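Engineer: Below you'll find the structure I mean.
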Amino acid sequence: MVDVKKKAAELLSSEAVKVIIGYTEGTGGKPRAAFIQNVADVEKLIFNSQCVMNLAVYLTKAEIKKLGKPAIVAPVNVLRAIIQLAFEVQIQESDIVVLGITPDEKLVEFQSFAAIESYLEDFKMELDAKEKETLAKISGMSLEERWAYWTEELSECFKCYACRAACPMCYCHKCAVEQNKPQWIPVAAHQLGNMEWHIMRAMHLAGRCVNCDACHNACPKGINLNFLTKLMLADAQEQLGYTGPTLKEGNLLSTYNPNDQENFIK
Amino acid sequence: MTIEKYLVKKTSLPVLFDKIKASGKVVKAPKKKSHTTDFADVASFSEVTDDYIVTTQSAKSVAFPRVEKLFNYVKSKDGVQITDYALNAIPEVVMWGVRPCDAAGFDPLNAIFTWDINDVIFTTKLKKTTIIGFSCQNADENCFCTSVGGNPGSTQGSDILFTKLSSGDYLAEVISEKGKAIQALAPELFEAAPSEDKEQNLAKVDVKFTKEIIKEKVDKYFESDVWKEQAQRCIGCGTCAFVCPTCACFDIQDENHGKNGHRIRTWDSCCFSQFTLHTSGHNPRPTQDRRWRQRIMHKFSYMPDRINVYGCVGCGRCSRACPVDMNIAEHLTNISKM
Amino acid sequence: MSEFEPKIVAFVCNWCTYAGADLTGTSRIKYATNVKIVRFPCTGRIDFMLLLKAFGEGADGIIISGCHPNDCHYTSGNFHARRRWVMFRGLMNFMGIDTRRVQFSWVSAAEGAKWAEIVNTTVDEVRELGPYTDYKKVADYLETEVTNG
């Protein structure tokens with residue numbers, strides 16, 4: 001972390017950037033996002049295993065863009081989001097400085113987005129054993145049990161949209177859920193409104209989700225909504241050969257392979 | 001009525017609970033769900049938990065649920081037939097295990113729902129609700145009731161307030177006629193008042209500021225940069241409003257199925273970017289700092305000015321639920337020092 | 001009480017399946033009348049939300065049909081659709097939405113007989129499964145629940 005702070009101070013004092021987006025200590029010692037604009041405040045930066053919030057969410061926020069060019073403290077989940085955002089032309093190489101941070105808290109600098117992409121090759125986006133186990137557990141239930149599980153789980157949702165707000169990929173100024181001509185999804189947080197919102201959210205993240213769990217961590221009700229996107233990730237990997245965010249190919253659902261499976265089509 | 005004090009033995013509490021259930025009232029109490037502890041319908045006393053600082057969501061849903069159908073309509077050749085809300089179908093509800101901050105939240109809520117017109121659905125529901133409070137033995141770093149005029153043993157808003165004593169038995173304060181009615185279900189359980197002092201059995205919550213100071217400051221610093229600084233990390237979700245005991249903003253929606261439909265009201269939040277978006281495309285609160293300022297100003301300036309009650313009870317729910325750790329007590333403390 | 005007659009909604013593309021269904025008629029092939037056809041420019045234009053809307057409004061089964069691979073009027077709309085359905089089918093299945101009630105098919109403008117067969121088998125299969133009430137119940141939540149919150 002020392003080298004990250006040093007670099008951050010350099011960037012600020014040389015005015016190469018105007019703000020450092022990083023983590024600092026919050027309530028009860030838990031980390032929170034920090035926007036460091038003075039060299040003197042660089043000491044407030046922290047990094048530890050609790051820093052799970054995906055800071056990339058701030059890169060597309062108008063209020064943060066107004067602060068000037070940012071440098072962003074970026075563990076692997078943030079790096080993945082940066083690549084996906086770059087592919088979707090939401091951020092430009094010249095607009096940000098990326099202060100990569102290795103799992104053992106060392107600084108890693110990147111000259112280009114392509115360099116981030118090749119760095120990420122060492123961190124394959126895969127579900128861990130525990131996640132696979134949970135997926136298998138739900139998939140192993142009967143149809144009725146699965147329906148009961150998800151209606152119960154999603155009935156907790158009161159549609160605060162914290163999942164959307166915390167997701168770096170949910171940057172749309174006007175979300176489909178707020179469209180009312182036609183209105184696709186009921187506004188209310190009743191069963192149908194919740195069910196359709198979460199299905200739509202998962203589908204719009206298919207092949208875009210970077211599996212950072214920001215949505216689940218943000219959810220005040222602790223809903224396992226991240227397992228909808230994890231299922232999509234597992235399916236995409238298994239059935240469509242998806243490997244993770246990349247600058248090279250198109251998005252999973254805006255591209256195709258003539259040989260995609262179609263065993264379910266008559 | 002004056003507050004009457006009694007002793008209720010630890011072992012009497014489940015008996016009282018069963019008597020209330022047996023009286024036919026709906027009982028909602030804090031229950032450990034798969035992810036959170038929240039008010040829910042409970043079948044028996046064994047489902048009730050006392051292991052919580054406050055529930056994740058406030059108790060307000062008993063009178064102001066997240067979705068409420070206001071009326072049904074059917075369109076036909078002869079016009080529109082409306083089936084109005086069945087007020088007489090509203091059940092008697094007992095809210096068990098409400099914290100004093102939560103109970104105090106019904107005052108500002110009621111003030112909002114009656115300030116111009118009387119919202120009969122809300123007021124009828126509230127009238128049919130009995131609040132059985134439990135004062136706090138524990139507080140955490142997010143609690144600040146004492147800074148906004150409350151305290152961990154406040155009787156405001158409760159119909160009966162239980163305070164756990166050192167013996168494990170409870171001091172019962174019967175505060176209102178509704179509380180008397182509960183007592184009347186099992187008068188034998190309410191024994192002679194204990195001599196033990198209530199105060200020493202309450203959680204300690206430091207006073208960080210006063211609501212009057214906040215009002216004075218926010219009125220003065222409307223144009224300050226402090227809002228921008230504080231709102232930097234706010235990502236604009238509606239969590240704070242939805243867990244808040246006093247937030248009352250709602251949206252009205254018509255849900256149609258051919259010629260049938262219903263009108264519903266559903267929670268809304270001033271922190272959503274589209275909350276004030278006009279049809280013209282103009283948004284009077286275009287940035288998150290304006291929306292954050294609105295949230296604070298509404299609670300600490302507009303509400304006391306217009307309806308003579310502050311819109312914050314210091315439960316700290318918004319801070320606990322916030323995905324980006326917007327700690328309201330911390331922000332208010334900083335404002336109070338400006 | 002009369003036997004259960006499933007309500008089937010078919011989302012089809014204009015260029016192949018719709019023309020194919022037309023051919024079924026002009027060829028005077030009889031097939032089940034349970035199906036309500038909704039015509040789209042292309043299978044690529046069929047939003048996954050429409051399936052949910054259909055179930056919410058009381059459909060018991062759904063058919064989605066378009067041009068065979070490489071035959072798309074817009075070159076690749078059906079390829080895009082196919083990927084979307086791979087993902088969406090998996091999600092529906094995972095969430096306990098009955099995918100046995102959703103039939104995907106390629107029916108060209110020349111396959112009038114295939115269209116009749118697809119409709120007939122789907123109607124038979126859905127009739128066997130019975131009415132689809134799970135999703136409808138969720139959609140009608142506010143009508144059936146006395147209190148909510």
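Engineer: In debye to the nearest 20, how big a dipole does chain B give about its Cα centre with +1 on each Lys and Arg Cβ and -1 on each Asp and Glu Cβ?
Structural biologist: 720 debye
Engineer: Counting only other chains, and only Cβ atoms inside 10 Å, what mean value do you get across the residues of A:219-226?
Structural biologist: Averaged over the peptide's residues, the number is 5.
Engineer: Hey, got the average number of other protein chain Cβ atoms within 10 angstrom for residues in A:199-208?
Structural biologist: Partner Cβ neighbours, averaged per residue: 4.
Engineer: Also, quick follow-up: Order the peptides B:217-225, B:262-270, A:154-162 from the highest to the lowest mean number of other Cβ atoms within 10 Å of their residues.
Structural biologist: For the peptides B:217-225, B:262-270, A:154-162, the packing ranking is A:154-162, B:262-270, B:217-225.
Engineer: Across segment A:151-157, in residue order, what do the Karplus-derived ³J(HN,Hα) couplings come to in whole Hz, using 6.51 cos²θ - 1.76 cosθ + 1.60 with θ = phi - 60° and x for Gly and Pro?
Structural biologist: 5, 5, 4, 7, 5, 6, 5
Engineer: So if R0 is 25 Å, what FRET efficiency would A:ASP41 and A:SER94 give, r being the distance between their Cβ atoms, rounded to the nearest 0.05?
Structural biologist: Plugging the Cβ-Cβ distance into 1/(1 + (r/R0)^6) gives 0.50.
Engineer: Something else about it: Distance between Cα centroids, segment A:87-127 to segment B:190-254: provide it in whole Å.
Structural biologist: Answer, in whole Å: 40.
Engineer: Based solely on its DSSP helices, what 222 nm [θ] is calculated for chain B when runs of n ≥ 4 H residues each add -39,500 (n - 2.57) and the sum is averaged over all residues, nearest 500 deg cm²/dmol?
Structural biologist: Mean residue ellipticity at 222 nm (helix-derived): -7000 deg cm²/dmol.
Engineer: Lone cysteines in chain A, defined as no other cysteine's Cβ under 4.7 Å from theirs: which are they?
Structural biologist: Cysteines of chain A left without a disulfide-compatible partner: A:CYS51, A:CYS157, A:CYS160, A:CYS172, A:CYS175, A:CYS209, A:CYS212, A:CYS219.
Engineer: Pull up all non-local amide H partners of C:ALA10: gap of 5 or more, or a different chain, and H-to-H distance under 5 Å with H placed in the peptide plane.
Structural biologist: Placed amide hydrogens put C:LYS36, C:ILE37, C:VAL38, C:ILE63 under 5 Å from C:ALA10.
Engineer: Right, another one. Could you give the spread of the C-alpha atoms of segment A:129-254 along their three principal axes, from largest to smallest, in whole angstroms?
Structural biologist: Over segment A:129-254, Cα extents along the principal axes are 37, 36, 25 Å.
Engineer: Further, regarding this structure: Which entries of B:LYS33/B:LYS178; A:LYS30/A:LYS65; A:LYS30/A:LYS106 have Cα-Cα distances beyond 27 Å here?
Structural biologist: Long pairs (Cα-Cα over 27 Å): B:LYS33/B:LYS178.
Engineer: Shifting gears a bit: With labels modelled as points extended 7 Å from the Cα through the Cβ direction, what inter-label distance (nm, one decimal) is found for A:ALA115 paired with B:GLU229?
Structural biologist: For A:ALA115 paired with B:GLU229, the spin-label model returns 3.5 nm.
Engineer: So for segment B:211-338, averaging the separation of alpha carbon pairs under 8 Å that are six or more residues apart and normalising by length, what relative contact order in percent results?
Structural biologist: Relative contact order for segment B:211-338 comes out at 32 percent.
Engineer: Let me ask you something else. For segment A:2-120, report the translational diffusion coefficient in µm²/s to the nearest whole number, using Stokes-Einstein at 10 °C, 1.306 mPa s, and a Kirkwood Rh over Cα pairs.
Structural biologist: Answer from the Stokes-Einstein relation: 112 µm²/s.
Engineer: Could I ask something else about it? Scan around A:GLY100 for amide H atoms under 5 Å from its own, H built in the peptide plane at 1.01 Å from N, and keep only partners 5 or more places away or cross-chain.
Structural biologist: A:ALA74, A:VAL108, A:PHE110
Engineer: Say R0 is 25 Å: what FRET efficiency, to the nearest 0.05, do A:GLU238 and C:ASP47 get from their beta-carbon distance?
Structural biologist: Once rounded, the FRET efficiency stands at 0.55.
Engineer: Starting from the Cα of B:GLU4, step 7 Å along the direction of its Cβ; do the same at A:LYS66; then give the gap between the two resulting points in nm.
Structural biologist: Roughly 5.9 nm, to one decimal.
Engineer: Tell me which of C:GLY61, C:ASN120, C:LEU51 sits at the most positive position along the dipole axis of segment C:8-144, charges placed on C-beta atoms (Lys, Arg +1; Asp, Glu -1).
Structural biologist: The one lying farthest along the dipole's positive direction is C:LEU51.
Engineer: Now for a different question. Once you have all Cα-Cα distances for chain A, histogram them in 10 Å bins from zero and send the whole-percent values.
Structural biologist: Using 10 Å bins, I get a P(r) of 6, 27, 33, 23, 9, 2, 0 for chain A.
Engineer: Based on the Cα atoms of segment B:4-336, what semi-axes does the equivalent ellipsoid have, where each is the square root of 5 times one gyration tensor eigenvalue, given in whole Å with the largest first?
Structural biologist: The equivalent ellipsoid of segment B:4-336 has semi-axes of 34, 29, 16 Å.
Engineer: Please state the relative contact order of segment A:127-209 as a whole percent: Cα pairs under 8 Å, 6+ residues apart?
Structural biologist: Result for segment A:127-209 is 27 percent.
Engineer: In deg cm²/dmol and to the nearest 500, what is the mean residue ellipticity at 222 nm of chain C if only DSSP H runs of at least 4 residues count, each as -39500 (n - 2.57), divided by the residue total?
Structural biologist: Computed mean residue ellipticity for chain C: -13500 deg cm²/dmol.
Engineer: Right, another one. If the label point is 7 Å along Cα→Cβ of B:ASP140, which residues in segment B:35-60 have backbone nitrogen under 12 Å from it?
Structural biologist: So the set is B:36-37, B:52-57.
Engineer: Sticking with this structure for a sec: Between B:ILE252 and B:SER195, what is the label-to-label distance in nm when each label sits 7 Å out along the Cα-to-Cβ direction?
Structural biologist: 6.1 nm
Engineer: Still on this structure, I have one more. Using a Förster distance of 35 angstrom, determine the FRET efficiency expected from the C-beta separation of B:LYS180 and A:GLN50, and round it to 0.05.
Structural biologist: Plugging the Cβ-Cβ distance into 1/(1 + (r/R0)^6) gives 0.10.
Engineer: Using Cα pairs under 8 angstrom and six or more residues apart, how large is the relative contact order of chain A, in percent?
Structural biologist: Relative contact order here is 17 percent.
Engineer: Just counting partner chain Cβ atoms within 10 Å, what average do the residues of peptide B:317-326 show around their Cβ?
Structural biologist: Per residue, the number of nearby Cβ atoms from other chains is 6 on average.
Engineer: Another question, if that's okay. Apply the Karplus curve 6.51 cos²θ - 1.76 cosθ + 1.60, θ = phi - 60°, to the phi angles in segment B:89-104 and return the couplings in whole Hz, x for Gly and Pro.
Structural biologist: Once θ is set to phi - 60°, the couplings for segment B:89-104 become 8, 5, x, 6, 10, 10, 8, 9, x, 7, 6, x, 5, 5, 4, 5 Hz.
Engineer: A further question follows. What's the Kirkwood radius of the protein assembly as shown in Å, using all Cα pairs?
Structural biologist: Averaging 1/r across every pair of different Cα atoms and inverting gives 28.7 Å.
Engineer: I would also like to ask the following. With a ≥ b ≥ c taken as the square roots of the eigenvalues of the C-alpha gyration tensor of segment B:120-255, please select rounded if a/c is under 1.5 and otherwise prolate if a/b is larger than b/c or oblate if it is not?
Structural biologist: Oblate is the answer for segment B:120-255, as a/c is 1.5 or above yet b/c matches or exceeds a/b.
Engineer: So, one more: Need one number: the % of Cα-Cα pairs in segment B:1-157 sitting beyond the 19 Å mark.
Structural biologist: 62 percent
Engineer: Now for a separate question. Residue by residue, what Karplus-based ³J(HN,Hα) values in Hz, rounded to whole numbers, does segment B:247-253 have, using 6.51, -1.76 and 1.60 with θ = phi - 60° and x for Gly and Pro?
Structural biologist: For segment B:247-253, the Karplus curve yields 5, 10, 5, 9, 10, 10, 9 Hz.
Engineer: Of the residues A:PRO182, A:PRO31, A:PRO75, which exhibits the maximal mean-square fluctuation in a Gaussian network model of chain A defined by a 10 Å Cα contact cut-off?
Structural biologist: The residue that fluctuates most here is A:PRO182.
Engineer: Hey, which of these cross-link pairs are over 18 Å Cα-Cα: B:LYS211/B:LYS299; B:LYS28/B:LYS127; B:LYS9/B:LYS31; B:LYS10/B:LYS198; B:LYS21/B:LYS180; A:LYS130/A:LYS221?
Structural biologist: In this structure, B:LYS9/B:LYS31; A:LYS130/A:LYS221 lie more than 18 Å apart at Cα.
Engineer: Could you give the C-alpha radius of gyration of chain C expressed as a fraction of 2.2 N^0.38 Å, taking N as the number of residues it contains?
Structural biologist: Its radius of gyration relative to the 2.2 N^0.38 Å reference: 1.09.
None of the figures in this text is laboratory data; all of them are computed from the coordinates on show. For clarity, every value in this text was computed on a predicted model and none was experimentally measured. Glycine gets a Cβ as well: all are built from the backbone with ideal geometry, and neighbour counts include every protein chain shown.
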